[in-house]
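Worksheet: the structure to be examined is printed underneath.
The values are calculated or read from the model by the stated rules, or taken from the named source; none is laboratory data. Just so we're clear, the structure is a prediction, and the values are computed from it rather than from any experiment. Cβ atoms come from the backbone with ideal geometry, glycine included; neighbour counts cover every protein chain shown.
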Amino acid sequence: MINQIVTVVTGLIISIISSTGYLGIFGLMTAESALIPIPSEITMTFAGYLASIGKFNLVTIIIIGALANLFGSTLAYWLGRWGQEAVVRKLIKKYGKYLLISESEYNRSEKWFRQYGDGITFFSRVLPIVRTFISLPAGVAAMSFWRFGIFTFLGSLIWSGILAYIGYILGKNWDSLHPYYQKFEYVIVGGLVVLLAYYVRHEFNKLHRGNRGK
């Protein structure tokens, strides 16, 4: 069943990008970050493949992917900021099944935001599931919109770049890694956890040295 759904979604994405070009990439990546379940793994790797055969420019599609993610995430951010938590949870209960988002997944993204603060809006762009939902708790928490925008764009630029480059390198075999994407994402998560731990330790040591100097 899931394989059939993936096949249908893949065909739809291919059709949209093939017929509308850069605009299609922007629309699909915007939709993904605006909580509509359209996998960027398919969108950007296929776009990367088209770049490898000269249909697109690789740098251009990466920038478009990042800008589209920023735009879609901004919509979700303001939904959280204007609607506040009660409205967000009500919408998830009512429409979450259509967007493939559950309360538990929202709770997870909220927990990550509370635990790691503003910086998670950067790291979450390459985290499975959380990356598309983190904008909601960021908005609810009234995170600085400029910090949100900068972190989201930079994280999205990295994610879009990784996926597009994979499609570019694989060429016509661009879809061969789809069964392994989740494992691939967890490898990235592991690396980011190490970097985050290093950052926290560095900040703690700096604060500790500052306190000793007083």
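In this structure, does Leu28 turn out to be surrounded by fewer than 18 Cβ atoms within 10 Å (Cβ to Cβ) and assigned to a helix (DSSP H, G or I)? Write out each step before concluding.
Values: surrounded by fewer than 18 Cβ atoms within 10 Å (Cβ to Cβ): no; assigned to a helix (DSSP H, G or I): yes.
Against the criterion (surrounded by fewer than 18 Cβ atoms within 10 Å (Cβ to Cβ) and assigned to a helix (DSSP H, G or I)), Leu28 does not qualify.
Suppose we filter Gly119, Gly96, Gly149, Gly80 for residues that are over 12 Å from the mean Cα position of the chain (by Cα), in a helix (DSSP H, G or I) and modelled with pLDDT under 70; which single one remains?
Values: Gly119 fails: modelled with pLDDT under 70; Gly149 fails: modelled with pLDDT under 70; Gly80 fails: modelled with pLDDT under 70.
Only one candidate passes the filter, namely Gly96.
Please go through the range 32-57 and give me each residue that is surrounded by fewer than 17 Cβ atoms within 10 Å (Cβ to Cβ) and either of a type in the set (A, V, I, L, M) or under 16 Å from Phe153 (Cα atoms) (or both), ordered by number.
Going residue by residue through the range 32-57, those that are surrounded by fewer than 17 Cβ atoms within 10 Å (Cβ to Cβ) are 36-37, 53-55, 57.
Across the range 32-57, the qualifying residues are Ile36, Ile53.
Kindly indicate the residue of the range 19-48 that is among the hydroxyl-bearing types (Ser, Thr, Tyr) and modelled with pLDDT of 90 or more and also farthest from Val126 (Cα to Cα) among those meeting that condition.
From the range 19-48, those among the hydroxyl-bearing types (Ser, Thr, Tyr) are 19-20, 22, 30, 33, 40, 43, 45; that's our starting set.
Filter again for modelled with pLDDT of 90 or more, leaving 19-20, 22, 30, 43, 45.
Details: Ser19: 28, Thr20: 26, Tyr22: 22, Thr30: 16, Thr43: 15, Thr45: 15 Å.
Top of the filtered list is Ser19.
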Restricted to the range 21-47 and to residues being closer than 20 Å to Ile169 by Cα and of a type in the set (S, T, N, Q), the residue farthest from the chain's Cα centre (by Cα) is Thr45
Take the conditions at pLDDT below 70 and either surrounded by 23 or more Cβ atoms within 10 Å (Cβ to Cβ) or of a type in the set (A, V, I, L, M, F, W, C) (or both) and apply them to Leu127. Does it pass?
yes
